[in-house]
Amino acid sequence: MSVIETLRRQLAALDPTQLEIVDDSHKHAGHAGAREGGHFRLSIVSPRFAGLSTMQRHRLVYDAVGDLKAFGIHALSINAKAPTEL
């Protein structure tokens, strides 16, 4: 299973209405952290984010995903919104 498929499976716990995951690893070739894993960009919309701060939303995402290094992820950029914010 690919990293993106694994992320999709883990993030399903947040009941997303929209979910986009982009592998930006190619943009970081040669970067020291690139040896530790890939760079991914996540855009997620979920009713679970309503009323939460950015930090609280990111915590929910990290809790759902678990150990990023276990999936080969060095960096994860997160854009998390509630449906009312679209």
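Each value in this text was obtained by applying a stated rule to the coordinates, not by laboratory testing. Just so it is clear, the model here is predicted, and its values are computed rather than measured. With ideal geometry, Cβ positions are generated from the backbone for all residues, glycine too; neighbour counts draw on all protein chains shown.
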Checklist entry - Summing Lys, Arg as +1 and Asp, Glu as -1, what charge do residues with Cβ under 12 Å from the Cβ of VAL61 carry, VAL61 excluded? => result +3
Next on the checklist: Run the numbers for VAL22 and SER2: contour at 0.36 nm per residue of separation, minus the present Cα-Cα distance, in nm.
Outcome noted: 6.0 nm
Checklist outcome for this item: Quick note on GLU20, GLU85, ordering by fewest other C-beta atoms within 10 Å, gives GLU85, GLU20
Next on the checklist: With both bridge residues required to lie in the stretch 3-85, what share of the DSSP beta bridges run antiparallel, to the nearest 5%?
Outcome noted: 45 percent
Checklist entry - Cβ under 11 Å from PRO83's Cβ, PRO83 left aside: what net charge do those residues give with Lys, Arg +1 and Asp, Glu -1? => result 0
Checklist outcome for this item: SER77 and MET55 label points (each 7 Å along its Cα→Cβ direction) are spaced in nm at 2.3 nm
Next on the checklist: Quick one: 3J(HN,Hα) in Hz for the stretch 18-24, Karplus 6.51/-1.76/1.60 with θ = phi - 60°, rounded, Gly and Pro as x.
Outcome noted: 9, 8, 10, 10, 10, 8, 9
